[in-house]
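Contents: one structure, followed by commentary.
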């Protein structure tokens, strides 16, 4: 669906949909740390350093350097890589690309990180909030639309130098924030991350500077101007997320709610509210079809039901063990 939509826009309007993500994760001691979590009830950080605080021989730094080298060998256009705010947290960024290739790169990125970590005796973890009390992990999704060689999001005289096209795109995302939340945050664990005490983007508003805003407008130029959808979790389906962002941003309707960009509304703090919003959404039925809408919601509800219904303050064993089980190769032979 993503490829079909991108091809249609390119054919009809000469649009190119561009995206790049900033995917955060944790490096934990030992292999298969997620599989063993229900026995240990804890994750052990490989290092205690925070933002940029790791020396060359630090295991986190060595993991990041090796992963970046593998990315380059696989054709990624690396931009920057560094430890993140929380202990043993990492982010390895790569350049913009056409949207389908960008979604492919997300899958490759997570796969290579997991394999490299395993080779070193560690676990690369992309749970949105594996450890309570420190910052969670996000997948900040930077998007823009080009027409030929022109970035349609750029306007030197626009507010924050974002064009009217870009602001309309952003407003449509904000208008459908509750409809899209389950797409962006599709696991029980993802709602732990949406905690305003840890720079989490749970506010349905836009900002150039506030990292608690769902959508940010980074500083840019005629080539790099974009919007950053910060509410996407690193375990989200990248194809579904990208499709939903671009389809909504280009074809959706803008809400008449006053002060839409200034905020006052919040994303759900639990998956059941997000499932209810998703089920009731006419817009989701429009872009995915009622059948897919219903089956997706049913799957997420079944996943949530085998995890604790109330989050509490402790990450529960089943919350990790059954986290997107279909992706967890260690669980395949149990089903």
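Just so you know, all these numbers are worked out from the coordinates, no wet-lab data involved. Source: prediction; values computed, not measured. Cβ sites come from the backbone with ideal geometry, for glycine too, and all protein chains shown count toward neighbours.
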Nearest-5 percent of antiparallel DSSP beta bridges in the range 2-325? 90 percent
Can you pull a Stokes-Einstein diffusion coefficient for the range 121-223 at 25 °C (0.890 mPa s), Rh from Kirkwood over Cα pairs, as a whole number of µm²/s? 160 µm²/s
In nm, to one decimal, how far is the modelled label at residue 318 from the one at residue 31, with both set 7 Å along Cα→Cβ? 3.0 nm
Applying a 10 Å radius around every beta-carbon, put 249-259, 233-243 in order of their mean neighbour count, most first. 233-243, 249-259
Alpha carbon centre of the range 157-178 versus the range 70-124: separation in Å? 29 Å
What is the extension gain from residue 55 to residue 299, computed as 0.36 nm multiplied by their sequence separation minus the C-alpha to C-alpha distance, in nm to one decimal? 83.5 nm
Rounded to the nearest 0.05, what FRET efficiency do residue 272 and residue 223 have when you use their Cβ-Cβ distance and R0 = 41 Å? 0.45
Taking neighbour counts of Cβ atoms within 10 Å as a proxy for exposure, in what order, fewest first, do 144, 207 appear? 207, 144
Starting from the alpha-carbon convex hull of the chain, give the projected area averaged over all orientations, in nm². 16.7 nm²
When only C-alpha pairs under 8 Å and at least 6 residues apart count, what is the relative contact order of the range 2-325, in percent? 20 percent
Residue-averaged 222 nm ellipticity for the chain, from DSSP H runs of 4+ at -39500 (n - 2.57), nearest 500: -11500 deg cm²/dmol
Degrees, to the nearest 10: 2-13 long Cα axis against longest axis of the chain: 20 degrees
Consider all pairwise Cα distances in the range 176-276 and report the whole-number % of them above 19 Å. 43 percent
Rounded tilt (10° steps) of 238-251 against the dominant C-alpha axis of the chain: 20 degrees
Stretch gain in nm, segment residue 310-residue 78, where the contour uses 0.36 nm per residue and the Cα spacing is subtracted: 79.6 nm
The helix 290-305 Cα axis meets the longest alpha-carbon principal axis of the chain at an angle in degrees, between 0 and 90 and rounded to 10, of 30 degrees
Between residue 282 and residue 13, what length comes free when the chain is fully extended (0.36 nm per residue of separation minus the Cα-Cα distance, one decimal in nm)? 94.2 nm
Any idea how far apart residue 258 and residue 1 come out in nm if each label point goes 7 Å out from Cα toward Cβ? 3.6 nm
